[in-house]
Amino acid sequence: MIRMAMVWERTVDVLRGRAAILFGIALVTLFLPAVVSAAAAGFLGDVPAARLLTNIVSAVLMLFGMLAITAVASDPRVDRGTAYRLAANRLPAAIGVALVLLVALSLTFVPGTLALIAAGATVTATGMVEMQRAAAGPLALSAGLIIAAAALLLWLGARLAPLFAVVVNERRGLGAIRRAFALTRGAAARLIGVLILYAVLVMVLSVAVRSVVGVVLQLLLDSDGAVLFGTSVALALVSAGATVVQNAFYAQFYAAACERERDAAAPLA
C-alpha cells in the first residue's frame, strides 16, 4: 500500500532540494504566460479570435511546463536544460492525450446539460443560466446528473494522477491512460482525499490573495483595469506555485507506485 504521508515527505524533499529549477521553470512556462494573457485581455478587450489564440498558446506552454516540472521532480539527475528537452520531446504525445481526455470528459456533462435544456432552462446573452421557468422534475434530474458527472471527474482525476509522469518517464502516448489506472489501483480513495484537500487549500489561498491584493491595489491605483491586472498577476503566482507542488507530488506518487510494483514482482523473480 502506498502511504500518502510518505509521498508528501518525498515531495517536500524534492521541493526543498530542487526549488530553484522547479520554480524557474514555473516562472517561464506558467507564470509569465498567464501574465501575458491577462495583459492581452486588458489591451485587446473582447476580441474572440485573439483571446482564443492566447488561451491556446498559454495552455500549450502550461502543458510544456508541467512536463518539464515532472521530469525534474522524477529524476534528481535531470537539470533544467534536460527537462526542457524531455518536455519538448513528449509534448506532442501529451497534447494528444490531453485532447482525447478533454473530449471524453466533456461528454460526461452532456446528459445533465440535455436534461437542463429539457427542463426549460434558458441561457442569456451573458452566458448566465435562467431556471425560473424550468420544470422541477427535469431540473432535479439535471442536478443529479451534473453532480454524478462531477463525482466521476473527481474519481478519474485521482486515477489519472500519475498520467504525465508516465508520459515523461515511460514514453507512452494514449497507453499512458491505462498505465495510470494500473498505478493508482487501490489508491483512488486516498488520492481523492488529497485532491479535495489540495483544491480547498488553493481555493482559500486564492480568495485570500484576491481580497488582500484587490483592496491594496484599489487604495493605490485609480484604474479598475490596473487593479484587475494586478490581481490577475497575484493569482497567476499562486496558480504557478500550486501547479509545481501538484506535479511534484504526482511524480513522487508515480515513483512510489513503481516501487510497489517492483516489490510485488520481486518474490516471483
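The values are calculated or read from the model by the stated rules, or taken from the named source; none is laboratory data. These numbers were taken from a predicted model, which means no experiment stands behind them. All Cβ positions, even for glycine, are placed from backbone atoms using ideal geometry, and neighbour counts span all protein chains on display.
With respect to Thr70, determine if the residue is closer than 24 Å to Leu197 by Cβ and surrounded by 14 or more Cβ atoms within 10 Å (Cβ to Cβ). It is true that Thr70 is closer than 24 Å to Leu197 by Cβ and surrounded by 14 or more Cβ atoms within 10 Å (Cβ to Cβ). Inspection of region 75-91 identifies no residue that is loosely packed, with under 15 Cβ neighbours inside 10 Å and under 17 Å from the mean Cα position of the chain (by Cα). Residue check: Ala256 meets all listed conditions (1) within 28 Å of Leu86 (Cα to Cα); (2) aliphatic (A, V, I, L, M); (3) touching a Leu at 6+ places or on another chain (Cβ under 8 Å) but one, namely (3). Return yes or no: is Ala38 touching a helix residue (DSSP H, G or I) at 6+ places or on another chain (Cβ under 7 Å), at negative phi, part of a helix (DSSP H, G or I) and at pLDDT below 95? Spelling it out, Ala38 is indeed touching a helix residue (DSSP H, G or I) at 6+ places or on another chain (Cβ under 7 Å), at negative phi, part of a helix (DSSP H, G or I) and at pLDDT below 95. Annotation note: Cβ proximity below 7 Å between a residue of region 153-166 that is within 16 Å of Ile192 (Cβ to Cβ) and a residue that is assigned to a loop (DSSP other than H, G, I, E, B) and β-branched (Val, Ile, Thr) (sequence gap 6+ or interchain) occurs for Ala158/Thr184; Arg159/Thr184; Ala161/Thr184; Pro162/Thr184.
If only residues of region 132-176 that are touching a Lys or Arg at 6+ places or on another chain (Cβ under 9 Å) and β-branched (Val, Ile, Thr) are counted, the one that is surrounded by the most Cβ atoms within 10 Å (Cβ to Cβ) is Val168. In the set Val238, Val209, Val244, only one residue is over 23 Å from Ala87 (Cβ atoms) and either part of a helix (DSSP H, G or I) or touching a residue at least 40 places away in the same chain (Cβ under 8 Å) (or both); that residue is Val209. Looking only at region 1-29, residues that are surrounded by 14 or more Cβ atoms within 10 Å (Cβ to Cβ), closer than 13 Å to Val78 by Cα and not charged (D, E, K, R) come to 4 in all.
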